[in-house]
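Engineer: Take this structure, written in structure tokens, and hold onto it; I'll ask about it next.
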Amino acid sequence: MLTTSIALGGSLFAAGAAVAADAPGAGVTAVIQPTMEAEEIAVDGHGLQGGLFTLKTPNGSIQTYCIDIDHPVNITSGVEYQESDWKSSSLGAKEKAQDAAKIRWILENSYPQVTDLVKLAKDAGVDGQLTKEDAAAGTQAAIWKFSDGKNAIPKDSQAKQLRDYLVSDKNKGIAAEPKPSLSLTPDSVSGKPGNKLGPFTINSSASEVKLAVAGDASGKAKLVDKDGKPVTGLTGPVAKDTQLFLDVPAGTPDGAATVTANAETVVPSGRVFLSKGYTPAKHSQTMILAGSTKLSVSDAAKATWKQGKGALVDSTAQVECDANGVRVSVANGGDEAADVTVTPGKKVTVQPGKVESVVVPVAEDAAYDITVTGPNGFTKEFKGILDCKVTSVTTPTGTPSAAPTTPAATTPAPAGTPSAGATTTAAKPAPAATSPAPGNTGGLAQTGGNDATPVLAAVAGGLVVAGGAAVFVLRRRGRHGRSAA
């Protein structure tokens, strides 16, 4: 367990304090849809349907690829995803920096960022035409080489040629992590009137961010920049880690306010999306953004102030995969020391105007439930499931089991194997089935999984893949909750 102490210098959270950049409400939230642009890909001797997913937001859609093949996607259950930072995923590990850069290059130089498939085929040296399904499968196979270390080979020859181009020496990588669509952190602060509370840190890819303060009954609290000038909006490009404060004049009655940020933006490709649930039944594999429409995004943070003597405690948390746990930060915006308990963890004393940062170790693929308690009845809970590695450690390695990938379209799924409910289309017939590996019933029409968890995701009807040649059978296993909020 690591602990650090940070001086605040009059404000609640100093720059560099750990905050929940992926807290609920930050950036884009989307629900996975039961459709894919996909074709069969051979991975470790098994056939998987791999390709491009669609997720719906309240006002548009996004498209994603898988970067977590060992944890299946629960495509039929409406799993909700949240935009997040790389540090909360497998891409955040230091040893994955080069792989992350390679993946970003693939996303920027393939489908759907490149919509002209004739040009893409020419650039990649593909013999013949690329369909959307070819392009999606080739791109997914290339990504799996760097995200999961898999030698994934599409069955379709054009898709394979695209994959080979994307993983070749022409891929020079793009090192920079893309900006968030919109994030306002931390999600809550506390302090005394007569001070500037904060800083609130804003990051956004939008060309304009509108800001507002609501809920202050006295109307005295004002949002200001680091120089004390009133702020109602930011014009892009928004500088990295732009800091704002809530100026609460001395003598202001006890109260609270909500700082809101709103913007419209096309979310940059390469942003990670993590499922939001806190239990295995609500989790699904990690995705990476391939493309989006222009979306309305928002975030909010709360500020509370109180007169008189005493400690004023607040807390944030964020998964840090490089630290193998959850970093919990506790701030004291009051004028007396605060004794705080982080459970499970330790007791810490937070001096006035300082932040104590504690890393709570969490085992891979394990659920965590962290509670922070302090003076004046303060309590805050952070929970989720840690999934920082692409290889599952909670289930034994096994041969995936599912329905064969190439039964006739009218053939029902095997007994006890419900089919998923949606369809994808393809311009080409499905590739021939591969010979099953020992113990396998055939190719697995999903992105990831193993036979230790034979839970089948299903709704009425059959998900027909590749022009009606395969029943799309999906299994899932519990996966990460990333945010702590």
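The values are calculated or read from the model by the stated rules, or taken from the named source; none is laboratory data. Every value quoted in this text rests on a predicted model; they were computed, and no experiment measured them. Neighbour counts are summed over all protein chains in view; Cβ atoms, including those assigned to glycine, are modelled from backbone coordinates with ideal geometry. Please note that ligands, DNA and RNA were not included when accessible areas were found on the heavy atoms of the full protein model with its side chains. Shrake-Rupley method; radii C 1.70, N 1.55, O 1.52, S 1.80 Å.
Engineer: Where residues in segment 270-287 are touching a Pro at 6+ places or on another chain (Cβ under 7 Å) and of a type outside the set (Lys, Arg), which of them is surrounded by the most Cβ atoms within 10 Å (Cβ to Cβ)?
Structural biologist: Gln285
Engineer: Give me the residue from segment 41-82 that is in contact with a helix residue (DSSP H, G or I) (Cβ under 9 Å, 6 or more places away or on another chain) and not in a strand (DSSP E or B) and, out of that set, most open to solvent (accessible area, probe 1.4 Å).
Structural biologist: Ser77
Engineer: Going through Ala366, Ala331, Ala337 one at a time, which residue ends up being surrounded by fewer than 17 Cβ atoms within 10 Å (Cβ to Cβ), out of contact with any Cys (no Cβ under 9 Å at 6 or more places or on another chain), closer than 22 Å to Gln307 by Cβ and in contact (Cβ under 8 Å) with a residue 24 or more places away in the chain?
Structural biologist: Ala337
Engineer: Next question. Is it the case that Thr286 is hydroxyl-bearing (Ser, Thr, Tyr), under 22 Å from Val28 (Cβ atoms) and under 17 Å from the mean Cα position of the chain (by Cα)?
Structural biologist: Here the answer is yes, as Thr286 does meet what is asked.
Engineer: Could you please let me know if Asn203 is more than 27 Å from the chain's Cα centre (by Cα) and either open to solvent by 20 Å² or more (accessible area, probe 1.4 Å) or in contact (Cβ under 8 Å) with a residue 24 or more places away in the chain (or both)?
Structural biologist: In short, no.
Engineer: Among the residues of segment 250-269, write down those that are aliphatic (A, V, I, L, M), open to solvent by less than 50 Å² (accessible area, probe 1.4 Å) and over 21 Å from Gln318 (Cα atoms).
Structural biologist: Let us first name the residues in segment 250-269 that are aliphatic (A, V, I, L, M), namely 250, 256-257, 259, 261, 263, 266-267.
Among the residues that remain, those that are also open to solvent by less than 50 Å² (accessible area, probe 1.4 Å) are: 256-257, 259, 261, 263, 267.
If the condition is that a residue be aliphatic (A, V, I, L, M), open to solvent by less than 50 Å² (accessible area, probe 1.4 Å) and over 21 Å from Gln318 (Cα atoms), then Ala256, Ala257, Ala263, Val267 are the ones that fit.
Engineer: Exactly one of these conditions fails for Ile69: (1) modelled with pLDDT under 90; (2) in contact with a Ser or Thr (Cβ under 9 Å, 6 or more places away or on another chain). Give me its number.
Structural biologist: With (1) modelled with pLDDT under 90; (2) in contact with a Ser or Thr (Cβ under 9 Å, 6 or more places away or on another chain) applied to Ile69, the lone miss is (1).
Engineer: Then there is this: Can you give me the ranges of the helices (runs of 4 or more DSSP H) entirely in segment 89-166 with at least 2 residues that are out of contact with any Leu (no Cβ under 8 Å at 6 or more places or on another chain), surrounded by fewer than 24 Cβ atoms within 10 Å (Cβ to Cβ) and at pLDDT below 95?
Structural biologist: Answer list for segment 89-166: none.
Engineer: Condition first: surrounded by fewer than 21 Cβ atoms within 10 Å (Cβ to Cβ) and either at pLDDT 95 or above or not in a strand (DSSP E or B) (or both). Now tell me which residues in segment 349-358 satisfy that.
Structural biologist: Within segment 349-358, Thr349, Gln351, Pro352, Gly353 meet the criteria.
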